[in-house]
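Student: Got a structure here, written out as structure tokens. Questions coming.
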Amino acid sequence: MSAVFDLTGRTALITGSVRGIGFALAEGLCNAGATAIVNGRKQDAVDEAVAKLRAKGFQARGAVFDVAEELAVVAAFENFDRDGVEIDILINNAGIQFRKPMVELELKDWERVIDTNLNAAFLVGREAAKRMIARGRGGKVINIASLTSEAARATVAPYTAAKGGIKMLTRSMAAEWAKFNIQANAIGPGYILTEMNTALIENPEFDAWVKASNPAGRWGKPDELAGTAVYLASSASNYVNGQIIYADGGWLSVL
């Protein structure tokens with residue numbers, strides 16, 4: 001049974017993977033045998049993350065580019081082509097958060113969140129799929145959704161709109177690319193202990209609410225998403241397409 005989860009010989013690009021969930025997913029795929037391409041906007045942060053993976057004996061390399069800039073994304077994939085790098089697995093993980101009531105929200109902040117959390121998944125997904133289709137071997141696309149793909153909360157309207165969009169983008173990818181043996185699915189993390197959630201984690205009232213409202217009674221850890229990512233990246237999920245798997249401790253089930 002372990003053979004269907006084996007990612008040996010496959011290369012995975014994980015966007016926004018210098019820390020947090022992205023790094024945990026990169027490490028999880030490496031544990032299953034994949035070579036990881038770590039992505040971020042800053043060279044030193046990418047180099048540090050790559051060094052951490054290599055120190056554990058994993059195959060890893062870096063790719064510094066802004067996933068929200070179309071020209072940068074296209075150039076990055078042209079560099080992969082030139083270097084003979086063929087991406088078999090794409091995880092669209094890069095994301096940002098911006099908390100403010102909608103009546104106080106400026107368009108530039110709305111657009112910044114949409115660009116990074118939704119448009120980037122389209123741009124990187126498009127470039128990866130072009131090459132997967134041309135090679136004729138199929139591939140895997142994993143988008144990172146959210147609880148807000150299903151449920152809205154106050155003060156995070158652009159994030160909610162973007163993650164709702166990720167849900168339908170994932171289905172659109174599945175509808176268009178299934179005939180090329182490309183499976184596009186998503187992972188919807190619950191409340192996870194990450195740097196992006198630091199302000200919430202350190203807020204006693206919000207921390208208590210998370211623990212009380214979740215059947216698991218706790219926050220999730222980034223590495224608890226890795227198994228789902230390996231499953232969706234592997235041949236074990238070859239007939240799973242256009243789905244979101246929520247790793248949320250049961251939060252949505254009692255909403």
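Student: Do any helices (runs of 4 or more DSSP H) lying entirely in the range 147-255 carry at least 3 residues that are open to solvent by 50 Å² or more (accessible area, probe 1.4 Å), within 22 Å of LEU123 (Cβ to Cβ) and at pLDDT 95 or above, and which ones are they?
Tutor: 157-177
Student: Another one. Give the residue that is nearest to ILE87 (Cα to Cα), with candidates limited to residues of the range 179-208 that are of a type in the set (A, V, I, L, M), touching a residue at least 60 places away in the same chain (Cβ under 8 Å) and in contact with a strand residue (DSSP E or B) (Cβ under 8 Å, 6 or more places away or on another chain).
Tutor: ILE187
Student: Ok, one more. Quick one: what pairs do we get from the range 209-237, first residue in contact (Cβ under 8 Å) with a residue 12 or more places away in the chain, second polar (S, T, N, Q) and assigned to a loop (DSSP other than H, G, I, E, B), C-beta under 8 Å, 6+ apart or different chains?
Tutor: Note: pairs meeting the criteria are PRO222/THR194.
Student: When the range 58-73 is examined, which residues are found to be more than 19 Å from the chain's Cα centre (by Cα) and open to solvent by 40 Å² or more (accessible area, probe 1.4 Å)?
Tutor: Passing the criteria: GLN59, LEU71.
Student: Output the residue which, of all residues in the range 128-143 that are more than 18 Å from the chain's Cα centre (by Cα) and among the charged types (D, E, K, R), is most open to solvent (accessible area, probe 1.4 Å).
Tutor: Residue satisfying both the conditions and the ranking: ARG137.
Student: Scan the range 85-100 and give yes if some residue there is touching a Gly at 6+ places or on another chain (Cβ under 9 Å), among the charged types (D, E, K, R) and surrounded by 17 or more Cβ atoms within 10 Å (Cβ to Cβ), otherwise no.
Tutor: Yes, the range 85-100 has at least one match.
The values are calculated or read from the model by the stated rules, or taken from the named source; none is laboratory data. Remember, predicted model here, so these are calculated numbers, not experimental data. As a convention, Cβ positions derive from the backbone with ideal geometry for all residues, glycine included, and neighbour counts pool all protein chains shown. Calculation scope for accessible area: heavy atoms of the full protein, side chains included, ligands and nucleic acids excluded. Shrake-Rupley method; radii C 1.70, N 1.55, O 1.52, S 1.80 Å.
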